[in-house]
1. Measuring from label point to label point, each 7 Å out along Cα→Cβ, what is the Ser6 to Ala177 span in nm?
2. Taking 0.36 nm per residue of sequence separation and subtracting the Cα-Cα distance, how much length would be gained by fully extending the chain between Lys111 and Asp250, in nm to one decimal?
3. The range 125-192 to the range 1-70: how many Å between their Cα centroids?
4. In terms of Cα to Cα distance under 12 Å, which aspartates and glutamates are near enough to Lys228, apart from those fewer than 8 places away along the same chain?
5. In the range 12-53, whose amide N lies under 19 Å from the spot 7 Å out along Cα-to-Cβ of Lys69? List them in ranges.
6. Would you mind getting me the FRET efficiency between Ala284 and Phe230? Use the beta-carbon distance for r and R0 = 22 Å, nearest 0.05.
7. Once R0 is set to 30 Å, what does the formula 1/(1 + (r/R0)^6) return for the Cβ-Cβ distance between Asp29 and Thr124, expressed as a FRET efficiency to the nearest 0.05?
8. May I ask which of Lys222/Lys269; Lys2/Lys111; Lys2/Lys69; Lys194/Lys275; Lys137/Lys293; Lys182/Lys269 have a Cα-Cα span longer than 30 Å here?
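Readers should treat all values here as calculations from the given coordinates under stated rules, not as data from a laboratory. Predicted model only: the values in this text are computed from it and were never measured. In this analysis, Cβ positions are derived from the backbone assuming ideal geometry, glycine residues included, and neighbour counts consider all displayed protein chains.
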Amino acid sequence: MKIWLSKNSEVSVREQIIAQISLGILSRDLEAGEKLPSTREIARRFQIHQNTVSSAYRELAEQGLVKFKRGSGVYVRENELIATDASALDQIITRFFQEAAAHGFSLNELKARLQSRLAAKSPTHFLVIESSLELRKILMEEIRQATGQQVGGISFEKFGNGDPDYDAQIVAMASEAEKLQKILPSGKSCIILKANSVPDSMAGKARPSSDDLIAAVSGWEKFLELAKMFLLAARIEPETLLLRSTNHTDWKNGLQTVSLIICDSATAKELPDDKRIRIFRLIADSSLDELRKSIG
């Protein structure tokens, strides 16, 4: 294994040595039982103090990655993690360390953050961060139906000014994600929800005939805009399309005449047992699967 050290890096030379050798061991570029370069050799090659190399080797030994043999040198420690074939988890860990090292994070920083994450309690419920009240209602309902868990919701503005809910798994659509990452409490993660595609949501559904009246119903104006756009693109005649916002008191007027009602999950609850309903989900299946796995 070749070692590269930069004296101009913001990361200390000691941490560079630790990170590169650790990654070499985890990726198996350095095999169990392999002898490492001597402290004198590395110090001479890079014109650094020998004590710096010795300090790095001691840290690696404390982590259980190397061992000292008196009168012989420093060797990669033989243990089950190193001796066995890399599992899928080992590969994930290796990629994590590689990416972290590439971004200049030291092992001490990684250890501190990992210890904080591992010490944190598992989330007990979901918290949807979304500034649009109507969109937030839809996302909350979809998550509740998919996971069976308690779901709360709050606007981005209130979340940024309030006390963090440390027991919640925070979720948000991409529209809030970039802003949200900047104010997340230390140790908290956010699951970014992927949007569902129209073909995926409507897969297997029969296309209405050209004479059928169709209604798109939602409290979220953007939903109505998207529904209209996609239905017109599917060559539905404009005169056969009704748009109804549940924010209006008379939104149910005329629905008795339509053959098909396209709506979101929250609106569907307002029309129980109506066989004409087709629900267009906003959250992709892959994101719902991720949510189910995040709370055990």
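1. 2.8 nm
2. So the extension gain works out to 44.2 nm.
3. If we compute the Cα centre of each part, the gap is 43 Å.
4. Within the straight-line cut-off, Lys228 pairs with Glu237, Glu239.
5. What the label zone holds, given the 19 Å backbone N cut-off, is 25, 29-42.
6. Working: r = 16 Å, r/R0 = 0.74.
Approximately 0.85, to the nearest 0.05.
7. Computed FRET efficiency for Asp29 and Thr124: 0.10.
8. Numbers: Lys222/Lys269 19 Å; Lys2/Lys111 25 Å; Lys2/Lys69 22 Å; Lys194/Lys275 28 Å; Lys137/Lys293 22 Å; Lys182/Lys269 35 Å.
Listed pairs above 30 Å: Lys182/Lys269.
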